[in-house]
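S.K.: The structure follows.
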Amino acid sequence: MNGSTPNTTWPLPKFYFSVTGIPGNPVFQEITGLEADAQVIEYRAGNSPVFSPIKMPGLRKVGTVTMRKGIFVTDSNLQAWFDSITMNTIKRCTIVVALLDETGNPQYKWQLDNAFPVKLTGTDLKSDGNEVAVESIEVAYETMTIVSP
């Protein structure tokens, strides 16, 4: 390889990422649940000579994403976002989770469309522990688009 071609043979590390689109722009330390799947439709025609169904891809669906962050005394953005749900209405948003390279540039993105919070969880409390207090928010969304360079 010559010196001018970037080395793209190594996978990106998973610890350097950013999240945008959530009110207050909180900084998260962990994100889980970035997944989508397709339902399987089984079908067998009545006159098929094979005594088993064929399988076809059906509707795609996405789950929920859980995001965790440390609790700060002056930060109540997640609580305010969750409290903005009133009578089955909330302003939906587009959340972008970006996996960054060593220079801080996004190299891989998950775009979550029409997202809204569905669960807010406080930290567990232990009198003999010395860990950082961590809260989490679970977010539902309608579609996920994956963008890579």
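S.K.: Take every Cα pair under 8 Å in segment 3-95 that's 6+ residues apart, average their separations, divide by the length, and report that relative contact order as a whole percent.
M.R.: Taking the mean separation of contacting Cα pairs over the length of segment 3-95, I get 32 percent.
S.K.: Report the extension gain between Thr86 and Glu131 in nm, rounded to one decimal, defined as 0.36 nm multiplied by the number of residues separating them, less their alpha carbon distance. Present the calculation step by step, with values, prior to reporting the outcome.
M.R.: Details: separation 45, 0.36 × 45 = 16.20 nm, distance 3.40 nm.
Gain in length upon complete extension: 12.8 nm.
S.K.: In the chain, with Lys and Arg counted as +1 and Asp and Glu as -1 at Cβ, which of these residues, Tyr16, Ser52, Thr74, has the Cα nearest the positive end of the dipole, that is, farthest along it?
M.R.: It is Ser52.
S.K.: Between rounded, prolate and oblate, where does segment 80-149 land on the alpha carbon gyration tensor, with a ≥ b ≥ c its root eigenvalues, rounded for a/c under 1.5, else prolate if a/b exceeds b/c?
M.R.: oblate
S.K.: Turning to a different aspect of this structure: Taking the alpha-carbon distance from Lys91 and a cut-off under 24 Å, which lysines remain once sequence neighbours fewer than 8 residues away in the same chain are dropped?
M.R.: In chain and number order, the partners are Lys61, Lys69, Lys109, Lys119.
S.K.: What stretch of the chain, leaving out the sites themselves, is the longest with no GluC sites (Glu not before Pro) in a DSSP loop having at most 13 other Cβ atoms within 10 Å?
M.R.: 36-101
S.K.: Quick one: pull the percent of accessible area on the chain belonging to carbon and sulfur, 1.4 Å probe, ligands and nucleic acids left out.
M.R.: Details: 5930 of 10790 Å².
Looking at the chain in its full context, I get 55 percent from C and S.
S.K.: Which of the three applies to the chain, rounded, prolate or oblate, going by the alpha-carbon gyration tensor with a ≥ b ≥ c and a/c under 1.5 meaning rounded? Walk me through the numbers before you get to the answer.
M.R.: Details: a/c = 2.17, a/b = 1.30, b/c = 1.67.
In terms of gyration-tensor shape, oblate.
S.K.: Using the crude model of +1 on Lys and Arg Cβ and -1 on Asp and Glu Cβ, and no other charge, please compute the dipole size for the chain relative to its Cα centre, in debye to 20.
M.R.: With only Lys, Arg, Asp and Glu charged at Cβ, the dipole is about 520 debye.
S.K.: On to the next question. I want the local charge near Ile95. Using Cβ-Cβ distances under 12 Å, sum +1 for each Lys or Arg and -1 for each Asp or Glu among the other residues.
M.R.: My count for the surroundings of Ile95 gives 0.
S.K.: OK, next. Within the set of other residues whose C-beta is less than 13 Å from the C-beta of Lys61, count the net charge using Lys and Arg as +1 and Asp and Glu as -1.
M.R.: Net charge in that neighbourhood comes out at -2.
S.K.: Further question: Let's test the formula: R0 of 22 Å, r as the Cβ-Cβ distance of Leu59 and Tyr108. What FRET efficiency results, to the nearest 0.05?
M.R.: Values: r = 25 Å, r/R0 = 1.15.
The value I calculate is 0.30.
S.K.: Once the other residues with Cβ under 13 Å from the Cβ of Val50 are scored (Lys, Arg +1; Asp, Glu -1), what is the net sum?
M.R.: Around Val50, the surrounding residues sum to +1.
The values are calculated or read from the model by the stated rules, or taken from the named source; none is laboratory data. Fair warning: this is a prediction, and the values are worked out from it, not measured in the lab. Neighbour counts run over all protein chains shown; Cβ positions are idealised from the backbone, glycine included. Accessible surface areas use protein heavy atoms only, side chains included; no ligands, DNA or RNA. Shrake-Rupley method; radii C 1.70, N 1.55, O 1.52, S 1.80 Å.
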